[in-house]
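What follows is a set of notes on a single structure, which appears directly below.
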Amino acid sequence: LKIMLWLAFIDMIAIMFIYIFFGVLLIEGAVFCSHPWFIWIVGCVGLGTWCGACMGCLLLVIYRLFELMKMSMRFEALTNYLIIFCTCYALYFTLFTPPLLLDSKFNGMFFDPFI
């Protein structure tokens, strides 16, 4: 239940940044030069939440496998630490990797701003 709740929280943040803000910027016809800081933040948070959600899904799969092997009690003791690890993983990608930058000319997000 904790993993699913954490995953739902991360997915809500991802939906807000990746889909809503990305869509509004595409409708506006924005490129990196028109809103550099906003596009930078949307790219950073979008990439971080996507990576965090991927790690959370992997964590959920591992937990389900432990349930099938009747060893879920061993896994439940580590759940909080693993959620903290997934949060740190998401924060690493948010803060320390190059962000995806919007380019409405090509209708996508790329690592290159095409300046």
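The values are calculated or read from the model by the stated rules, or taken from the named source; none is laboratory data. Fair warning: this is a prediction, and the values are worked out from it, not measured in the lab. Cβ placement follows ideal geometry from the backbone for every residue including glycine, while neighbour counts extend to all protein chains displayed. Accessible surface is based on the protein model in full, side chains and every heavy atom, while ligands, DNA and RNA are left aside. Shrake-Rupley method; radii C 1.70, N 1.55, O 1.52, S 1.80 Å.
Descriptive notes on the structure:
- Unmet criterion (only one of (1) part of a helix (DSSP H, G or I); (2) surrounded by 13 or more Cβ atoms within 10 Å (Cβ to Cβ)) for W37: (2)
- Output for the stretch 40-49, where each listed residue is under 24 Å from I84 (Cα atoms) and surrounded by fewer than 19 Cβ atoms within 10 Å (Cβ to Cβ): I41
- When residues of the stretch 77-88 are limited to those that are in contact (Cβ under 8 Å) with a residue 24 or more places away in the chain and under 13 Å from the mean Cα position of the chain (by Cα), the one surrounded by the fewest Cβ atoms within 10 Å (Cβ to Cβ): T87
Each row is one residue, and each column tells you yes or no for (1) out of contact with any Leu (no Cβ under 8 Å at 6 or more places or on another chain); (2) more than 28 Å from K2 (Cα to Cα); (3) part of a loop (DSSP other than H, G, I, E, B).
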site: L82; (1), (2), (3): no, no, no
site: C86; (1), (2), (3): no, no, no
site: F106; (1), (2), (3): yes, yes, yes
site: M109; (1), (2), (3): no, yes, no
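- Condition met for A53 (within 8 Å of the chain's Cα centre (by Cα), aliphatic (A, V, I, L, M) and either modelled with pLDDT of 90 or more or buried (at least 20 other Cβ atoms within 10 Å of the Cβ) (or both)): yes
- When I27, I18 are checked against the criterion of being buried (at least 19 other Cβ atoms within 10 Å of the Cβ), under 21 Å from F110 (Cβ atoms) and β-branched (V, I, T), I18 stands alone in meeting it.
- Tabulated pairs, the stretch 12-36, first over 15 Å from L100 (Cα atoms), second of a type in the set (K, R) and loosely packed, with under 15 Cβ neighbours inside 10 Å, C-beta under 9 angstrom, 6+ apart or interchain: G29/K105
- Residue that is modelled with the lowest pLDDT [pool: residues in the stretch 1-16 that are out of contact with any Cys (no Cβ under 9 Å at 6 or more places or on another chain) and either under 16 Å from G48 (Cβ atoms) or outside any helix (DSSP H, G or I) (or both)]: L1
- Among the residues of the stretch 53-76, some residue qualifies, meaning at least one is without any contact (Cβ under 8 Å) to a residue 60 or more places away in the chain, of a type in the set (S, T, N, Q) and more than 12 Å from I10 (Cβ to Cβ).
- One residue alone among L91, L65, L100 is under 14 Å from the mean Cα position of the chain (by Cα), at pLDDT 85 or above, open to solvent by 60 Å² or more (accessible area, probe 1.4 Å) and not small (G, A, S), and that residue is L91.
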